[in-house]
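J.: One structure, pasted below without further comment.
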Amino acid sequence: MRIVFKTDYMQDIRPWKDGYQLSLYMILLAIVIAAPWLLDTFYLGELTNVLIWAIAGMGLMVLTGHTGQASLGHAAFLAFGCYANVILLEAGVPFVIAFPLAGVITGLIGATVAIPALRLHGIYLAIFTLALSILVDDIIVLTEPWTGGVGGKYIAGIDLFGLTIDRWGTPMLFYWLVLAVTVIVTLGYINLLRSPLGRSFIAVRDSEVSAQAMGVDIARTKTISFGLSCMVTGWAGAFMGLFAGAFNNETFSVVISIELLMMIVIGGLGSIHGAFFGAIVIGFLPQFLSIAKEYVGAVFGGSTVAIPGLEFGIFGMILIAFILLEPMGIYGRWLKIRTFFELFPFYRKDMFKRQKSYLKTERLR
């Protein structure tokens, strides 16, 4: 059992619990930096894809996990970020300017969209964002002079500080670029949660009435949350475009929005770790199913023909299993296991019992 004695205020607000936890994060960072020398090109590409999904997951986590606003339309903001980045690059804007600007543009669009959605809650907000995701498909087709319509766009690579970075030609450099942005977004997210704004997000999530009684501006908080969420999601969309190389209006479908939401639920709502755990599941599940299918075919002599809907069917079963057996997700399960060993033999199951009672003012929402 390890007990941390806090002796000053800085120990209470710093991002890591103690030096031991910080050392674990540093070891993990060293491993992922060295990944290009430890993995072959195929698995390095898969790890890059996981990091991109983690960025998108953190974007949605800001809105859904920490502000409590359900969204089924974040594929639309992935598309906004992707197309904004490519259009700026085609206009001759350097990547070091185009990439951040694509996220800012997407964030401004998200904040604008949030204005009419401020009075919506729960399923109504989810339906609104779902409709937005469907609408963006038509917008991309109608704005063919900028987006390429159904023909889509193609981007070979980018120039950054004299280096040509391409997902296929220089996978190592592309991986490190994605990793650098992932680390920056993660550190920014951690500091956001420690700030008054981040605490306002959590207050709105837990109870809008109580948050308003404490002086939190609900409309302003939701708008900023939408904007920040869409900005981070826009950066993930820009990387998805660079990772794919070619994309059109069908690339960012409603299915991507549903996958994003399921990803953070499986990973663990309300935690940054949950975005990464969910990204690992959604990133490696297709490859795992492909390898498993070939293995079963080789052992039992069956066919290795692709089964339509297999991936989504298994993903759905995993989601149902977590909702029924572990609503706190993968990170919640890990937290319980870690706490069990830290507090043994004083651990009790009721420590993580879910709150099932509501304020009377919240029951009609």
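The values are calculated or read from the model by the stated rules, or taken from the named source; none is laboratory data. Here the structure is a predicted model, which means the values were calculated and not measured. Because the Cβ atoms are built from the backbone with ideal geometry, glycine has one as well, and the counts that use them run over all protein chains shown. When the accessible area is computed, the model is the full protein with side chains, heavy atoms only, and any ligands, DNA or RNA have been set aside. Shrake-Rupley method; radii C 1.70, N 1.55, O 1.52, S 1.80 Å.
J.: Which of the chymotrypsin sites (Phe, Trp or Tyr not before Pro) across the range 1-65 are loop residues per DSSP, with 13 or fewer other Cβ within 10 Å?
T.: Details: sites: Phe5, Tyr9, Trp16, Tyr20, Tyr25, Trp37, Phe42, Tyr43, Trp53; in loops: Phe5, Trp16.
Passing both the DSSP loop test and the Cβ count: Phe5.
J.: Specify the residue with the greatest mean-square fluctuation among Ala56, Ala156, Ala70, computed from a Gaussian network of the chain linking alpha-carbon atoms under 10 Å apart.
T.: Ala156
J.: Continuing with this model, one more query. Run the reach check for Lys222 against aspartates and glutamates, Cα to Cα strictly under 14 Å, same-chain hits fewer than 8 apart removed. What comes back?
T.: Result set, ordered by chain and number: Asp206, Glu208.
J.: Mind checking which of Thr106, Val93, Met61 is farthest towards the positive end of the range 61-174's charge dipole, using Cβ charges of +1 (Lys, Arg) and -1 (Asp, Glu) about the Cα centre?
T.: Selected residue: Met61.
J.: Each label point is 7 Å from the Cα along the Cα-to-Cβ direction; what then is the distance between the points at Ile139 and Leu325, in nm?
T.: For the pair Ile139/Leu325, the computed spacing is 4.1 nm.
J.: Additional query: When semi-axes √(5λ) of the Cα gyration tensor in Å is calculated directly from the model, which label among (i) 31, 26, 19; (ii) 32, 27, 23; (iii) 28, 26, 19 fits?
T.: The listed entry that was calculated here is (ii).
J.: Of the peptides 136-144, 199-207, how do they stack up when ordered by the mean number of other Cβ atoms within 10 Å, highest first?
T.: Packing proxy ranking, top to bottom: 199-207, 136-144.
J.: Please work out how much length the chain gains when fully extended from Ala219 to Ile97, using 0.36 nm per residue of separation minus the C-alpha to C-alpha distance, in nm with one decimal. The partial results should precede the final answer.
T.: Details: separation 122, 0.36 × 122 = 43.92 nm, distance 3.05 nm.
Additional length available on full extension: 40.9 nm.
J.: Does the range 121-162 classify as rounded, prolate or oblate by the C-alpha gyration tensor (a ≥ b ≥ c root eigenvalues; a/c under 1.5 gives rounded; else a/b over b/c gives prolate, otherwise oblate)? Don't skip to the answer; put the middle values down first.
T.: Working: a/c = 4.67, a/b = 1.82, b/c = 2.57.
Oblate, because a/c is 1.5 or more while a/b does not exceed b/c.
J.: Can you work out the Karplus-derived ³J(HN,Hα) for every residue in the range 234-251? Use 6.51 cos²θ - 1.76 cosθ + 1.60 with θ = phi - 60°, whole Hz, and x for glycine or proline.
T.: Karplus values, whole Hz, x for Gly and Pro: x, 5, 4, x, 4, 5, 4, x, 5, 5, 6, x, 9, 7, 9, 5, 8, 5.
J.: For the range 1-119, calculate the relative contact order in percent as a whole number, restricting contacts to Cα pairs under 8 Å that are 6 or more residues apart. Show your work: numbers first, answer last.
T.: Values: 34 pairs, mean separation 14.4, N = 119.
Once divided by the residue count of the range 1-119, the mean separation gives 12 percent.
J.: I've got another one for you. So if I place +1 on the C-beta of Lys and Arg and -1 on the C-beta of Asp and Glu, and nothing else carries charge, what would the dipole magnitude of the chain be about its Cα centre? I want it in debye, nearest 20. Walk me through the numbers on the way to the answer.
T.: Working: 24 positive and 22 negative charges, 333 e Å.
Value, rounded to 20: 1600 debye.
J.: Counting other Cβ atoms within 10 Å, keep those with at most 15, restrict to DSSP loop, and tell me which trypsin sites (Lys or Arg not before Pro) in the range 119-192 are left. Display every interim value, and only then the final one.
T.: Numbers: sites: Arg119, Lys153, Arg167; in loops: Arg119, Arg167.
The qualifying sites are Arg119.
J.: Find the relative contact order for the range 184-267 and round it to a whole percent, using C-alpha pairs within less than 8 Å whose residues are 6+ positions apart. Show your work: numbers first, answer last.
T.: Values: 20 pairs, mean separation 14.2, N = 84.
Relative contact order here is 17 percent.
J.: Then there is this: With an 8 Å Cα cut-off and a minimum separation of 6 or more residues, compute the relative contact order for the chain in percent.
T.: Details: 469 pairs, mean separation 102.8, N = 365.
Contact order relative to length: 28 percent.
J.: Round to the nearest 0.05 the FRET efficiency obtained for Tyr124 and Leu335 when R0 = 35 Å and r is the Cβ-Cβ distance.
T.: Values: r = 32 Å, r/R0 = 0.91.
After rounding to 0.05, the efficiency reads 0.65.
J.: Scan around Leu160 for amide H atoms under 5 Å from its own, H built in the peptide plane at 1.01 Å from N, and keep only partners 5 or more places away or cross-chain.
T.: Ile165
J.: How much accessible area does Asp166 have with a 1.4 Å probe, in Å² rounded to the nearest 10?
T.: Here the residue's solvent-accessible area equals roughly 40 Å².
J.: Once you put a point 7 Å from the Cα of Ile13 and another 7 Å from the Cα of Arg194, both along the Cβ direction, what distance in nm separates them?
T.: Going by the 7 Å Cα→Cβ label model, 0.8 nm.
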